[in-house]
């Protein structure tokens, strides 16, 4: 009887192993879809640069995993949640895509995370910022990899509050990222005894910031937080300079990519303090990889593009270790390892899907301080990931055990 039980158990284990192996070679290839902004405001910090970063990761991995080829495809989500969601369904339901990555729009990322949970497919957002991705939108096969509004605000807002500047005003973009970020900034300011004197929302990709700047100026706040991104951030800073506001008010952008620094120039951006997850010239590993990227793209990578390379590499390593590309198994494997590479220092994926890693407080150099093209940042401080990102005790993710 015992022999029969042992034989039955062995047979079941063998079947499970065969099932995992079968899942590992599903469709005879691993297919990665980069769902990004190809033609809009976020295309410079994501877009074809993210596609190229994914391709570089696949090439450096040997273009195969578990003996099967790895393919990279891409699509433009046009910054519309319905279009992004439809493309994700198409890829997962009919085109055999295993991983969807980038998702550099918080509304789109939230929609795709929901689909990933339904389909047991892997979604990794490197480009979205909303903390909702590891709270109400969390799932067993989803990872938020690069930064979020909590870590960005904790790092940058905290540094300004430490200077005794307590009266704040927020200019935010009018969609989920801007609203979540504005609320996060307000929470940190109030926790430190400060006041938010007002918040105003502007349209996505606004053409004129003069009225928003005038309202911020009339508030007589010491600090203006910018809860927007890319061209909106660049245009906000330029408008503030034009109105002479930067002489008396401190501007704290919540999201700055190196592409933004390049667009505004050091003459306009000098002295701005902000948080970042990556800077190309921070250490030997970041410099070596970034120069390879620059040789292909003729510019330095944003933190989003650098994290795409890192995330694709770690994803392929997880498939190799798990012996399968089945969604839950791969993400479970990713949650077991430490991530140290050209992007991440002291990184790990938590139970809520947040990839925790060190963050950096940066300041834009003056033209005199810069030694050449793309030499834009001074790294003022390193903030350990456990101090930078939202603690699990504040999580509303259903996967987090209540303590």
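The values are calculated or read from the model by the stated rules, or taken from the named source; none is laboratory data. All values derive from a computational prediction rather than experimental measurement. Cβ atoms come from the backbone with ideal geometry, glycine included; neighbour counts cover every protein chain shown.
Structural remarks
- With respect to the conditions (1) in a loop (DSSP other than H, G, I, E, B); (2) crowded, with 23+ Cβ neighbours inside 10 Å; (3) in the same structural domain as residue 230 (by TED's automatic domain parsing), residue 129 falls short on a single one, namely (3).
- Residues in the range 90-115 that are part of a helix (DSSP H, G or I), touching a helix residue (DSSP H, G or I) at 6+ places or on another chain (Cβ under 7 Å) and either at pLDDT 95 or above or crowded, with 24+ Cβ neighbours inside 10 Å (or both): 92, 106, 108, 109, 110, 111, 112, 113, 115.
- For the range 294-311, the set of residues classified as in contact (Cβ under 8 Å) with a residue 12 or more places away in the chain and farther than 14 Å from residue 259 by Cα consists of 296, 307, 308, 309, 310, 311, listed by residue number.
- Matching residues in the range 370-384 - criterion: being free of Cβ contacts under 8 Å to residues at least 60 places away in the same chain and either under 22 Å from residue 136 (Cα atoms) or out of contact with any strand residue (DSSP E or B) (no Cβ under 9 Å at 6 or more places or on another chain) (or both): 371, 372, 373
- Matching residues, the range 222-232, being buried (at least 22 other Cβ atoms within 10 Å of the Cβ) and within 21 Å of residue 163 (Cβ to Cβ): 223, 224, 225, 226, 227
- None of 43, 26 is in contact with a strand residue (DSSP E or B) (Cβ under 8 Å, 6 or more places away or on another chain) and more than 13 Å from residue 308 (Cβ to Cβ) except 43.
- Positions within the range 342-369 being assigned by TED's automatic domain parsing to the domain that holds residue 53 and out of contact with any strand residue (DSSP E or B) (no Cβ under 9 Å at 6 or more places or on another chain), in sequence order: 342, 343, 351
- Among the residues of this structure, residue 191 does not count as one that is under 30 Å from residue 314 (Cβ atoms) and surrounded by fewer than 16 Cβ atoms within 10 Å (Cβ to Cβ).
- Identity of the residue in the range 233-244, without any contact (Cβ under 8 Å) to a residue 60 or more places away in the chain and buried (at least 18 other Cβ atoms within 10 Å of the Cβ), that ends up nearest to the chain's Cα centre (by Cα): 233
- Within this structure, residue 269 passes the test of being in contact with a strand residue (DSSP E or B) (Cβ under 6 Å, 6 or more places away or on another chain) and within 30 Å of residue 236 (Cβ to Cβ).
- Flag for residue 373 being modelled with pLDDT under 95 and assigned by TED's automatic domain parsing to the domain that holds residue 157: yes
- Restricting attention to the range 97-118 and to residues that are over 21 Å from residue 313 (Cα atoms) and free of Cβ contacts under 8 Å to residues at least 40 places away in the same chain, the residue that is farthest from the chain's Cα centre (by Cα) turns out to be 118.
- Test result for residue 325, crowded, with 24+ Cβ neighbours inside 10 Å and under 29 Å from residue 67 (Cα atoms): yes
- Of residues in the range 282-326 being outside any helix (DSSP H, G or I) and in contact with a strand residue (DSSP E or B) (Cβ under 7 Å, 6 or more places away or on another chain), the one nearest to residue 50 (Cα to Cα): 282
- When the range 331-373 is filtered for residues that are out of contact with any helix residue (DSSP H, G or I) (no Cβ under 7 Å at 6 or more places or on another chain), surrounded by 17 or more Cβ atoms within 10 Å (Cβ to Cβ) and outside any strand (DSSP E or B), the ones remaining, listed by number, are 331, 345.
Let's see how each residue does on (1) touching a helix residue (DSSP H, G or I) at 6+ places or on another chain (Cβ under 7 Å); (2) under 25 Å from residue 222 (Cβ atoms):
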residue	(1), (2)
239	yes, yes
269	yes, yes
296	yes, no
303	no, no
312	yes, no
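- Total residues in the range 60-79, condition surrounded by 15 or more Cβ atoms within 10 Å (Cβ to Cβ) and assigned to a loop (DSSP other than H, G, I, E, B): 4
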